[in-house]
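Asks: Once you've had a glance at the structure underneath, I'll fire off some questions.
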Amino acid sequence: SIAEIFEGLAFKVVLTPASKDGSKDLILEMTKSGTSLSYIVEIKHWRSMQKVGRNSVKDFVRVICNEKRERGMFLSTFGFTENAFEGLTEIERNKVCFGSEEKIVSLSRTYLKVKSGIWTPLQDLQELFLEGTY
């Protein structure tokens, strides 16, 4: 599971209850230079194979800001619609990163490397969090 992957990469993970749309949200916590940082991850895997649209993106950005999270990651197995990011301010764009199936696969591969002892998590987990997102 995605929660297990983030735990394996040295984040403290809190799984929030599944909502009616079937998405699972995670709260990731880490400490960097004595400062506590908190991230939120939303995962959309709709059976309908729908791409995520603008309303879902705006709602997610609102949650990140309201909950004063460091940043958010929105993962969608089927990607995003062309207009999904329309209307986001530069500040909002800096608060959220987006990833599709490739990002999920990349996180899984990194996790397997860590688990098998081939690789140790980066000192800078933020870098790992953002790598391969848009």
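The values are calculated or read from the model by the stated rules, or taken from the named source; none is laboratory data. Worth saying up front: this structure is predicted, and the values here are computed from it rather than measured. FYI the Cβ positions are ideal-geometry reconstructions off the backbone, even for glycines, and counts take in every protein chain you see. Protein only, heavy atoms only, side chains kept; ligands, DNA and RNA dropped before computing areas. Shrake-Rupley method; radii C 1.70, N 1.55, O 1.52, S 1.80 Å.
Asks: Does LEU75 fit the bill of being open to solvent by less than 40 Å² (accessible area, probe 1.4 Å) and in a loop (DSSP other than H, G, I, E, B)?
Replies: No; evaluated as a whole, the condition is false for this residue.
Asks: Sticking with this one: Considering the range 46-97 alone, what residues qualify as being of a type in the set (Lys, Arg) and more than 21 Å from GLU127 (Cα to Cα)?
Replies: ARG47, LYS51, ARG54, LYS58, ARG62
Condition check ((1) farther than 19 Å from GLU131 by Cα; (2) of a type in the set (A, V, I, L, M, F, W, C)) across all residues:
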position: SER48; (1), (2): yes, no
position: SER56; (1), (2): yes, no
position: PHE60; (1), (2): yes, yes
position: VAL63; (1), (2): yes, yes
position: ARG71; (1), (2): no, no
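Asks: Any residue at all in the range 50-63 that's modelled with pLDDT under 90 and under 20 Å from LYS103 (Cα atoms)?
Replies: yes
Asks: If the requirement is being farther than 22 Å from MET49 by Cα, out of contact with any His (no Cβ under 8 Å at 6 or more places or on another chain) and touching a residue at least 60 places away in the same chain (Cβ under 8 Å), which of these qualifies: THR89, THR110?
Replies: THR110
Conditions (1) assigned to a loop (DSSP other than H, G, I, E, B); (2) open to solvent by 30 Å² or more (accessible area, probe 1.4 Å); (3) out of contact with any Lys or Arg (no Cβ under 7 Å at 6 or more places or on another chain), marked per residue:
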{"residue": "PHE6", "(1), (2), (3)": "no, no, yes"}
{"residue": "GLU29", "(1), (2), (3)": "no, yes, no"}
{"residue": "SER36", "(1), (2), (3)": "no, yes, yes"}
{"residue": "SER48", "(1), (2), (3)": "yes, yes, yes"}
{"residue": "CYS65", "(1), (2), (3)": "no, yes, no"}
{"residue": "ARG69", "(1), (2), (3)": "yes, yes, yes"}
{"residue": "LEU88", "(1), (2), (3)": "yes, no, yes"}
{"residue": "ARG93", "(1), (2), (3)": "no, yes, yes"}
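Asks: I'm told GLY34 meets every condition in (1) under 30 Å from SER116 (Cα atoms); (2) out of contact with any Gly (no Cβ under 9 Å at 6 or more places or on another chain); (3) touching a residue at least 12 places away in the same chain (Cβ under 8 Å) except one. Can you identify the failing condition by its number?
Replies: (3)
Asks: I would also like to ask the following. Test VAL52 against the criterion of being within 17 Å of VAL41 (Cα to Cα) and either open to solvent by 30 Å² or more (accessible area, probe 1.4 Å) or in contact with an Asp or Glu (Cβ under 8 Å, 6 or more places away or on another chain) (or both), and give yes or no.
Replies: Taking the combined requirement at face value, the residue does not satisfy it.
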